[in-house]
1. Full-extension gain between Ala45 and Arg76, please, as 0.36 nm times their residue separation minus the C-alpha to C-alpha distance.
2. Extending each Cα 7 Å along its Cβ direction at Leu65 and Ile138, get the distance between those two points in nm, one decimal.
3. Taking the simple approach of a point 7 Å from Cα along Cα-to-Cβ for both Asp83 and Leu159, what is their distance in nm?
4. Over the Cα atoms of the stretch 49-156, compute the convex hull volume and normalise it per residue, giving Å³.
5. For the stretch 105-180, what's the radius of gyration and Dmax over Cα atoms, in angstrom?
6. If R0 is 22 Å, what FRET efficiency do you get for Met167 and Val32 from their C-beta distance, rounded to 0.05?
7. How large is the Kirkwood hydrodynamic radius of the chain, in angstrom, based on all distinct alpha carbon pairs?
8. Between Gln139, Gln17, Gln46, which gets the highest mean-square fluctuation from a Gaussian network model of the chain, Cα cutoff 10 Å?
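The values are calculated or read from the model by the stated rules, or taken from the named source; none is laboratory data. What you see is a predicted model, and the numbers here were worked out from it, not measured in a lab. Cβ sites come from the backbone with ideal geometry, for glycine too, and all protein chains shown count toward neighbours. Heavy atoms of the whole protein, side chains included, go into the accessibility calculation; ligands, DNA and RNA do not. Shrake-Rupley method; radii C 1.70, N 1.55, O 1.52, S 1.80 Å.
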Amino acid sequence: MISCPKCNSALPDWAQQCQFCGTDTTKIARPVAQQKKSNYAYGTAQWVWYAYYIISGWFVLSGLLNLTRGILGLIRFNQQTADNPIVQSFGIFFYVSMAISLAAIVVGLGLILKSDFIRSIANWYCALMLLFGALDAIQWLGLSAIVGTPAYLYMARALLDVICGGMMIYLIIETNESWL
């Protein structure tokens, strides 16, 4: 707020003249807006950006791995079930898996490129990663008695997804202020 030099009325910073007495206020010094201070001395901590890019890269690599696995699985599935159209209808699950893998690739690349649109939906994507990663870990824990050691590896991968999803939610919040 500024004050009128003639009538001493309080005026908004953007006022060009006093609304009460009509005095020109363009030559009055305006207060400088204070910038919000970061929790760190020089903005966001450097480790936050390293972790941000590492987990974003993990999204891309994980999506590429799952996409490749889905394509190869679909090819093998179609070769084995070519004569049974009822069983072949279950191939839709491979397409769903590949769509989710493509979403992971797009989110990872969008985060690396700092896309505002992707950052706005990444928290929802990461929340789904938390949910489905936890469900996968529970599933593989239950299957460990049947499948054996590979189940523990899949469970570890599911827990890694849970950790990455939760960490990315935190990192997006931390990097929101120092975006530019």
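1. 6.4 nm
2. About 2.4 nm separates the two model spin labels.
3. 4.5 nm
4. In the stretch 49-156, the Cα hull volume divided by residue count equals 124 Å³.
5. Values for the stretch 105-180 (Cα only, Rg and Dmax): 15.1, 51 Å.
6. Step by step, r from the Cβ atoms, then E = 0.05.
7. Kirkwood radius, the chain: 20.8 Å.
8. Most flexible of the set in this elastic network: Gln17.
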